1. Please verify whether Thr280 is closer than 18 Å to His171 by Cα and modelled with pLDDT of 95 or more, treating the condition exactly as stated.
2. Report yes if some residue within segment 127-141 is surrounded by 17 or more Cβ atoms within 10 Å (Cβ to Cβ), in contact (Cβ under 8 Å) with a residue 40 or more places away in the chain and in a loop (DSSP other than H, G, I, E, B); otherwise report no.
3. Looking at (1) surrounded by fewer than 22 Cβ atoms within 10 Å (Cβ to Cβ); (2) within 16 Å of the ligand (Cβ to nearest atom), find the lone condition where Gly100 falls short.
4. From Arg178, Arg182, grab the single residue that is within 16 Å of the ligand (Cβ to nearest atom), in contact (Cβ under 8 Å) with a residue 60 or more places away in the chain and either out of contact with any Gly (no Cβ under 7 Å at 6 or more places or on another chain) or not in a helix (DSSP H, G or I) (or both).
5. Within segment 60-71, track down each residue that is hydrophobic (A, V, I, L, M, F, W, C) and either near the ligand (Cβ under 9 Å from one of its atoms) or at pLDDT below 95 (or both).
6. Which members of segment 72-89 meet the condition of being of a type outside the set (D, E, K, R) and either surrounded by fewer than 20 Cβ atoms within 10 Å (Cβ to Cβ) or within 14 Å of the ligand (Cβ to nearest atom) (or both)?
7. If only one of Glu214, Glu187, Glu221, Glu191 is over 17 Å from the mean Cα position of the chain (by Cα) and either modelled with pLDDT under 95 or assigned to a loop (DSSP other than H, G, I, E, B) (or both), which one is it?
8. Do you know which of the residues in segment 149-162 that are in a loop (DSSP other than H, G, I, E, B) and in contact with a strand residue (DSSP E or B) (Cβ under 7 Å, 6 or more places away or on another chain) is least open to solvent (accessible area, probe 1.4 Å)?
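The values are calculated or read from the model by the stated rules, or taken from the named source; none is laboratory data. Keep in mind that this is a model prediction, so the values were computed, not measured. Note that we place each Cβ from the backbone using ideal geometry, even for glycine, and neighbour counts take in every protein chain shown. These area figures cover heavy atoms from the full protein model, side chains too; ligands, DNA and RNA do not enter into them. Shrake-Rupley method; radii C 1.70, N 1.55, O 1.52, S 1.80 Å.
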Amino acid sequence: LSRGKTFKVEGLVFGVIGHSQKANLGQLLAKNSPFFQKGDLLSLDEPKAYSGHKTKAFVKIQEGCDFQCSYCIIPSVRGKARSHKEIDLLNQVRILIDEGFSEVVLTGTNIGSYGKDTKTSLGNLLEKIGSIKGLRRVRLGSIEPVQIDEKVLEILNESWIERHLHLALQHTSPKMLRLMRRRNRVEKDLELFETLSSRGFALGTDFITGHPGESEYIWKEAWGWITRFPLTHLHGFTYSKRDGTPSAKMNSIVPGNIAKKRLKELEALVLEKNIAFRHTQKDKSLEVLIEESDGKNAFGYDQFYNPVRIYGRIERHSWVNLTKYAIKEKYNEAII
Ligand code: SF4
């Protein structure tokens, strides 16, 4: 929306709408005159589950974010954190199970803040979801490290929670975390990652390279920390300026080629760590939910959120337990 206004004034776009206005798009276009409708930033859609691959279903549990990371436009376009009613979400999950889904992914803008406005918590919600019969695996969307409380830590012992978590670090230099106005602190983050790793979790993260101020010294400091993290997955990004954010006004811009080079180094490091992790888990069987199958070959993800290719006849939607498989660079492979 921040850029949308400029684009509209400059005549570069026909219309701009906020998230809550998307249902009115048809009407707005029918009027045939340019529009700028930011809508209600505090609106909450009806909770609605959807299935990306028709094998696992996505359930949006909340909307918005109360954090104020300096580079992020989301709080100003998605509004404050607000949660869907627990009863509606539990009903959604029951319906999905009745429809044949056995894996559910909980999503939202900032899922760790679930329940803050409704006097409950993510831990409480998970506990109730876990008691629904027929649900085999629950995957959590990205969570902020500071939102993993005692209750969530306890629930993570449950076998129906995927053995993979995505915790958003965004950076590992203490100075950069402060500059980015992040709430997480690297020493605590490392402690948390080590605790979860010792419980057998594969751990992913988001990381931004090239944020303003990421000098060579800061990058080296961050690298010294990140090499110590038991990471297995990475959503890496190079910094992208968002007008209207504090970061957009910062100096000490990092050239794009340097940001890309750092991202590549990071990707190579995490890939290496992922392969090492898979070797340490070799004595465990892989529980794979088949998402794609053409009758001869199949594809799915295991409990560590690693892709698995299977040569053999397996139905989509089915679960397979693999005890024998080969570890390839970017996936596991089995013949059955
Ligand atoms: S980066 Fe995530 S936690 Fe930070 S403001 Fe944006 S949505 Fe919120």
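1. no
2. Yes; the residues of segment 127-141 include at least one that is surrounded by 17 or more Cβ atoms within 10 Å (Cβ to Cβ), in contact (Cβ under 8 Å) with a residue 40 or more places away in the chain and in a loop (DSSP other than H, G, I, E, B).
3. The single condition Gly100 does not satisfy is (2).
4. Numbers: Arg178 fails: in contact (Cβ under 8 Å) with a residue 60 or more places away in the chain.
So the residue among Arg178, Arg182 that is within 16 Å of the ligand (Cβ to nearest atom), in contact (Cβ under 8 Å) with a residue 60 or more places away in the chain and either out of contact with any Gly (no Cβ under 7 Å at 6 or more places or on another chain) or not in a helix (DSSP H, G or I) (or both) is Arg182.
5. Applying the first criterion (hydrophobic (A, V, I, L, M, F, W, C)) to segment 60-71 yields 61, 65, 67, 69.
Within segment 60-71, Cys65, Phe67, Cys69 qualify.
6. Cys72, Ile73, Ile74, Pro75, Ser76, Val77, Gly79, Ala81, Ile87
7. Sole residue among the options that is over 17 Å from the mean Cα position of the chain (by Cα) and either modelled with pLDDT under 95 or assigned to a loop (DSSP other than H, G, I, E, B) (or both): Glu214.
8. Glu162
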